[in-house]
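The values are calculated or read from the model by the stated rules, or taken from the named source; none is laboratory data. Just so it is clear, the model here is predicted, and its values are computed rather than measured. Backbone-built Cβ (ideal geometry, glycine too); neighbour counts: all protein chains shown. Just so you know, the surface numbers come from the protein's heavy atoms only, side chains and all, with ligands and any DNA or RNA stripped out. Shrake-Rupley method; radii C 1.70, N 1.55, O 1.52, S 1.80 Å.
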Amino acid sequence: HGQLSPIFGIYDDPLLILEDIGRESLEKRPVISFSQEPGVFNRIWEVPGHHNQAIENLMRDKKIFIADGHHRYETALNYKKLMPESENAPWNYVFIYLSNISSPGLEIFPYHRIISPKKNFDWERIISLAKDEFNISFTADFPEVSEQGRADSFILYYSKCFALFTPRHHPSDIFSRIGAYVLDKLFLRRAMELSDEQLASGEFISYTHDQDKVISKVDSGAAPAGFLLKPVPMEVLREVCETGQVMPRKSTYFYPKLPTGVLFHLWGDKLA
């Protein structure tokens, strides 16, 4: 009887209207303050009610892209279908928080991949197979290679070596400009010969937005290899969303995110 975690939605407002409203709220004491982890401190303010109409006017015709929470959104739709029809029922609405693409501070980070040690991979053979699809360069210097390549390129790290993979062919469609899509289609499936079931199982690949974690896992021997990806350009994200398509799985990590458990949308006895 409630939604426990809001969907993360993004919209675009170059005029920064909500940012101006927020600055007024900052003059008051926050209603919630807490430390999330070292270096991350959260504060939440209540927005005065006289701004409600301005916020409604701003958002009425905005396109909202789901940055995180597609499953929560689909679950809310399914829940609504199970409940009785009622014009003002709380299950007719979905709990969401919104971040402005044009607001300074909102960033898109990539999700990197860590390969599980459950299966032995012949990396020399795999790299040889990938040469038909990629131009490949090798270095032991991560800063050097991290600045190279297009947004659709990626880095394989294994045995203290960084290998930069850049597709030989220029992108033919919008998804071919996304590193996670290129990695999945041309390397994980073709060169590494992983099946749909293996990729979906979670047994062979894990995900993190922390590139240092990938490197340390490989260096310690906890993982045989990892993939470091580049951020998805905002214009690519916008084009995918505006054409009604869904971004590839684990291709974007938006920061900052509202921690789960801070706000809830509960309706309790409003079940009539």
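State, in angstrom, two size descriptors of the chain derived from its alpha carbons: Rg to one decimal place and Dmax to the nearest whole number.
For the chain, the Cα-based Rg and Dmax read 21.9, 65 Å.
Calculate the dipole size of the chain relative to its Cα centre from +1 charges on Lys and Arg beta carbons and -1 charges on Asp and Glu beta carbons; express the result in debye to the nearest 20.
In debye, rounded to 20, the chain gives about 480.
Could you give log10 I(q)/I(0) at q = 0.30 Å⁻¹ for segment 97-146, computed by the Debye formula over C-alpha point scatterers of equal weight, without solvent?
-1.17
Hydropathy first: keep DSSP H helices in the chain averaging at least 1.6 on Kyte-Doolittle, then drop any whose Cα extent along the axis falls short of 15 Å, and list what survives.
Span-like helices, by this rule, are absent here.
Could you do me a favour and compute the accessible area per residue for the chain, 1.4 Å probe, result in Å²?
On a per-residue basis, the chain sits at 58 Å².
Mind listing the long-range amide H neighbours of ALA67? Cut-off is under 5 Å, sequence gap 5 or more, other chains count too, H placed in the peptide plane at 1.01 Å from N.
Correct list: PHE8, GLY9, ILE10.
Which Rg and Dmax, in Å, describe the Cα atoms of segment 146-272?
My reading of the Cα-based Rg and Dmax gives 17.9, 62 Å.
Determine, from the Cβ-Cβ distance of ILE44 and LEU82 and an R0 of 25 Å, the FRET efficiency 1/(1 + (r/R0)^6), rounded to the nearest 0.05.
Step by step, r from the Cβ atoms, then E = 0.20.
With +1 on the Cβ of every Lys and Arg and -1 on the Cβ of every Asp and Glu, and nothing else charged, how large is the dipole of segment 1-115 about its Cα centre, in debye rounded to the nearest 20?
The calculated dipole for segment 1-115 is roughly 300 debye.
Output needed: percent of Cα pairs per 10 Å distance bin for segment 46-201, bins running from 0 to the one holding the longest distance.
8, 25, 26, 18, 15, 8, 1
Would you mind computing, in nm to one decimal, how far apart the modelled labels at CYS161 and PHE264 are, each placed 7 Å from Cα along Cα→Cβ?
Here the answer is 5.3 nm between the modelled labels.
Looking only at TRP123, TRP45, TRP91, which one moves most when the chain is put into a Gaussian network model with springs between Cα atoms under 10 Å?
TRP45
What's the carbon and sulfur percent of the chain's accessible surface, probe 1.4 angstrom, rounded to a whole number?
Its accessible area is 51 percent carbon and sulfur atoms.
When the helix-only estimate is applied to the chain (DSSP H runs of n ≥ 4, each -39,500 (n - 2.57), divided by the residue count), what is the mean residue ellipticity at 222 nm, nearest 500 deg cm²/dmol?
Here the helix-only value at 222 nm equals -7000 deg cm²/dmol.
Within segment 1-81, list the GluC sites (Glu not before Pro) lying in a DSSP loop whose Cβ has at most 14 other Cβ atoms in a 10 Å radius.
For GluC sites (Glu not before Pro) across segment 1-81 that sit outside H, G, I, E and B with at most 14 neighbouring Cβ atoms in 10 Å, the list reads GLU27, GLU46.
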